Amino acid sequence: MPPTAADLIRELPLGRRVDHHFFALTSKEEPLVWARATVRRLLHGQTDQERIDDAVLVVTELLTNAIRHGGGPVSLTLDLYEKGVTVGVVDRGTDITALPADVVSFLASLQDETPGEADGCDLHTSGRGLHLVSAFASGWGVEPAREGKVVTAAFCLAVSAA
């Protein structure tokens, strides 16, 4: 069973929660563009640009999955901690099965494949999202939520030098 958000927070050195944000994305005209800008704004000054880019990539993947496959309204939570951040995407989907986290062997297997094909599956436009989440987040998990399910990714953030 994949870890819950509580497991991630307990297992990673995030520290004390210092801020919480909740966003309903249903009314947003361009939810992905809006979410990327919002994550960048909220993490500015909290860590280096590379970790911000990692978080933006993960949020984009999670939201894209929720919009494509979750059905119904989608929301985003962002919790800032002393030494990290968690992002959660809630959708109406109920499938909480997760892909294996063996990202290294997955990415290595792609090197020998024709572009867009791996194990007979078309991976050119889909199928890599949760592997990217595994590669860029410090940890992630999926669990049932009252509204459907929530996928949470956690990031340990280095203190910004700026």
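See the values below:
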quantity	calculated
Filter pass, D95 being of a type in the set (D, E) and part of a strand (DSSP E or B)	no
Residue match in the range 81-89 (condition: at pLDDT below 95, over 18 Å from V142 (Cβ atoms), touching a Lys or Arg at 6+ places or on another chain (Cβ under 6 Å) and among the acidic types (D, E))	yes
Residue count, the range 25-52 (criterion: under 16 Å from the mean Cα position of the chain (by Cα) and either basic (K, R) or closer than 26 Å to E147 by Cα (or both))	13
Condition check for R36: free of Cβ contacts under 8 Å to residues at least 12 places away in the same chain, part of a helix (DSSP H, G or I), surrounded by fewer than 20 Cβ atoms within 10 Å (Cβ to Cβ) and not small (G, A, S)	no
Test: T47 is out of contact with any strand residue (DSSP E or B) (no Cβ under 7 Å at 6 or more places or on another chain), at pLDDT below 95 and surrounded by 15 or more Cβ atoms within 10 Å (Cβ to Cβ)	yes
Boolean, D19 is among the acidic types (D, E), out of contact with any strand residue (DSSP E or B) (no Cβ under 6 Å at 6 or more places or on another chain) and surrounded by fewer than 16 Cβ atoms within 10 Å (Cβ to Cβ)	no
Residues (within 19 Å of S134 (Cβ to Cβ) and assigned to a strand (DSSP E or B)) located in the range 39-90	G84, V85, T86, V87, G88, V89
Unmet requirement for S109, which otherwise passes all of (1) modelled with pLDDT of 90 or more; (2) in a helix (DSSP H, G or I)	(1)
Any hit, the range 16-23, residues being at pLDDT below 95, in a loop (DSSP other than H, G, I, E, B) and at negative phi	yes
Selection count where residues are without any contact (Cβ under 8 Å) to a residue 12 or more places away in the chain and under 15 Å from A153 (Cβ atoms), scope the range 39-81	1
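This table checks each residue for (1) over 17 Å from I67 (Cβ atoms); (2) at pLDDT 90 or above; (3) of a type in the set (K, R); (4) surrounded by fewer than 18 Cβ atoms within 10 Å (Cβ to Cβ).
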position	(1), (2), (3), (4)
L123	yes, no, no, yes
G127	no, no, no, yes
L130	no, no, no, no
V133	no, yes, no, no
S138	yes, yes, no, no
G148	no, yes, no, no
L157	yes, no, no, no
A162	yes, no, no, yes
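The values are calculated or read from the model by the stated rules, or taken from the named source; none is laboratory data. Keep in mind it's a predicted model, so treat the numbers as computed, not measured. As a convention, Cβ positions derive from the backbone with ideal geometry for all residues, glycine included, and neighbour counts pool all protein chains shown.
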